[in-house]
Amino acid sequence: MPGARFTKEVGRRLTLSLLSGLLVVVLLFAESFLGIGIVERLELSALDYRFQLRGPRITPADSSHLVIVEISEDSFESLPDNWPWPRSYYARLVTNLTRAGARAVGIDILFVGDDAHDPNNDIMLRETLRDAGHVVLAGRLKIDNNLYRIFRSSENYGNEFFDVDSSLGFVNVLKDPDEVVRRYIPATEYIPSFGFSVLNRYFGRPPLTLPGRSDDGAFLIGGIEVPAYDEASVLINYFGPSRSFRHVDIADVLDDESFTTVEEARSGAQINLFSDPDFGYLFDGTFRDKIVLVGSTVPEDQDIHHVPIARRSYVGSNTMFGVEIHANVIESVLRGDFLIRQSPLASWLTVLLITFTTFFVTSWLKSSKTSRHIMVEVNGFLFAVAELALIALLSIRLFIDAGYVLPLVGPVLAVAAGYVASTAHHFVFERRQGFMIKRMFGTYVNPSIVDELVQNPEKLKLGGERRELSVLFSDLEGFTELAETRPPEELVGLLNEYLSSMTAIVLTNDGTVDKFEGDLIMAFWGAPVPQKDHARMCCEAALQMQETLAAIRMEWGMRKKPLLSARIGVNTGDMIVGNMGSSRKFNYTVIGDSVNLASRLEGINKLYRTKTIISDSCYRESGGGFICRELDIISIKGRSEPVRIYELRGRRGAKNEATELAFVRAFEEGLAAYRQQRWEDALAAFEQAQSQYPTDYPAELFTGRIRRFQKTPPGRNWCGVASDTP
């Protein structure tokens, strides 16, 4: 009996410690998912502190790969023309840098509109850029910082000279919630960033070449792997505060033997800081084989940003110009010197380990048999403090010595959670029960239903109301045959994995899972909370379900599990929604002819060998954001009017949109000719469609029908309506 009690106590402590760690993980995940930002801001502040402790790693005197040619306040006083300068200046700048042996030149300036001084200057700059062949221009895109996405802004990206050789990169910087620039986006789906575009020139890669991705998600450029921070960005490894790289004034680079600065005009003497044979930049190797970035260091240009590192002697000096941020990214790539973020999985495992250790050690200390209870508490507290000190020291040393970014907030919370759990067993146990109940409840019921019922208890009564909704039916192909050949345990595992993934998609898209019947899923949109775009949300969920199932098939294939496909039917229409059943047990569900039609459409996929079919009403109400192919007009048993049906193939704006639209257009041209009994025209159109997708069964199906009608014409009154059964 004592042994049993000991085992039970150990089991309870193990459970509590594990739950405490999971609670921290869940809190971190939920905080990140909900966008609260408290943990993120603390982590960012901790990262900035490590940058300050590490200090500068290069100085302007260091031999680096970069030189910055700056447009400064002194530049305006030295150059004879007013701002904006003639673009002949930039043509001369590129020419002189090329003469001085620059390997790549990036101009962080947006050239908008025509030259205000002389249109011939634009012609001169175009010819110079074309002849140089190593210049990168700046472009600008619209950035959504909240969603970490970048959208294409215009055809020339805000730069009139984009069409010279398309060597351009976007100069937008990504700011964290506290307005500090710590991350950098290497590329969008359209163009690379300014820094990576300059690296393209440096490595001899074609303009607009996007960085590749390695198996572990790193960005690839010039054979160098740049560790990713998240799906779209990298963490910037700042080598020092502002002006850590060598700066040369643009006026000094323009000042060659054929250019007269304001100082030279006043004195009457030619200084020629660029081309003087004794001290000029043309001969001293300043630019030879270097990357030269040209940009403004004038605060009024508003290209100045907060960064994690500052000059310690100045209060509030943690600012840096945009051109310097690009310089840090480029230098980091060329040195192969990066910051590496601990993976989320490793972070969560670390949190679990720290929580486990803290809980068990402090629990063991608290279980000590002693009359001096205060010492028990002090020992537990000191152990927790020692853990925190060790974590802080380790994170600092790993950052300074190896560039490894170890999260701090999670481990600190893990220590706190383990300590609190060891002093409040009952409290933690109760929290664990509440968390598990909420988790289980949310797995089966859409939270929106709970919120609606809490706000409107009268909805618990039996009955329903008529509404226009969208309903989805999904069924696995061949699951019945599979069930006859597989062990029940394996079958249940496969089904649970599949249903969990599909349910998550429905709930993510604000839908309601109505019921499961074996492998069949029924879900609807538009109730209990009204949704104006319920048809669009339903179609989006259908696409995501097919995409996720495709990914699951790949994983199952590697695990040598059966490969399953699903058929989906979607309809939009009037139906009855509400609580239906008995006074003791009822279910919030939908019924009606529109629901039955969605179920029929799911099965009609068999006839056309398609995956997702939607009705004409759903097609009209979905908002035009999807690529759909009209399949046929069919008569369905039990309905007086035929139904026009569509295949849901993808989203507008996808990479393959042009190919898909051309295919749909060819197929629908064949469909129109088919209904007009223009058999040869229809055959030609369907053959064109099959040239793009040779295995497309609907085109093959209509080709077979046409062959039969050519032999036995259907008659003049034929309207092209097919049956819902083969």
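Bear in mind these aren't lab numbers, they're just calculated from the coordinates by the rules spelled out. For clarity, every value in this text was computed on a predicted model and none was experimentally measured. We place every Cβ from the backbone using ideal geometry, glycine too, and count neighbours over all the protein chains shown.
Numerical summary
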read-out: Burial ordering of F702, F196, fewest other beta-carbon atoms within 10 Å first; value: F702, F196
read-out: For segment 147-292, the spread of Cα positions along each principal axis, largest first, Å; value: 60, 35, 33
read-out: Potential lengthening between M554 and D118 on full extension [0.36 nm per residue; Cα-Cα distance subtracted]; value: 150.9 nm
read-out: Cα convex hull of segment 51-340 - mean projected area over all directions, nm²; value: 15.5
read-out: Magnitude of the charge dipole, segment 624-726, Cβ model with Lys/Arg +1 and Asp/Glu -1, debye to 20; value: 240
read-out: At R0 = 41 Å, FRET efficiency that the Cβ-Cβ distance of E263 and D163 yields, to 0.05; value: 0.65
read-out: Antiparallel bridges, percent of DSSP beta bridges restricted to segment 463-616 (to nearest 5); value: 90
read-out: Qualifying GluC sites (Glu not before Pro) for segment 202-258 [loop in DSSP, other Cβ within 10 Å: at most 15]; value: E231, E257
read-out: Charge tally in the Cβ shell below 15 Å around V180, where Lys, Arg are +1 and Asp, Glu are -1, V180 excluded; value: -2
read-out: Inter-site label distance for N579 and Y49 at 7 Å from Cα along Cβ, in nm; value: 5.3
read-out: Kirkwood estimate for segment 581-726, i.e. one over the average of 1/r between Cα atoms, Å; value: 16.7
read-out: Ratio of Rg to Rh over segment 463-616 (Cα coordinates, Kirkwood Rh, two decimals); value: 0.99
read-out: Of all DSSP beta bridges in segment 126-245, antiparallel share, percent nearest 5; value: 75
read-out: Label point distance in nm, L353-E481, each placed 7 Å from Cα along Cα→Cβ; value: 4.9
read-out: Residue order, fewest to most beta carbons within 10 Å, for I521, I391, I613, I123; value: I123, I391, I521, I613
read-out: Among beta bridges that DSSP assigns inside segment 624-726, antiparallel share in %, nearest 5; value: 75
read-out: Likely footprinting exposure, R246, R675, fewest C-beta neighbours within 10 Å first; value: R675, R246
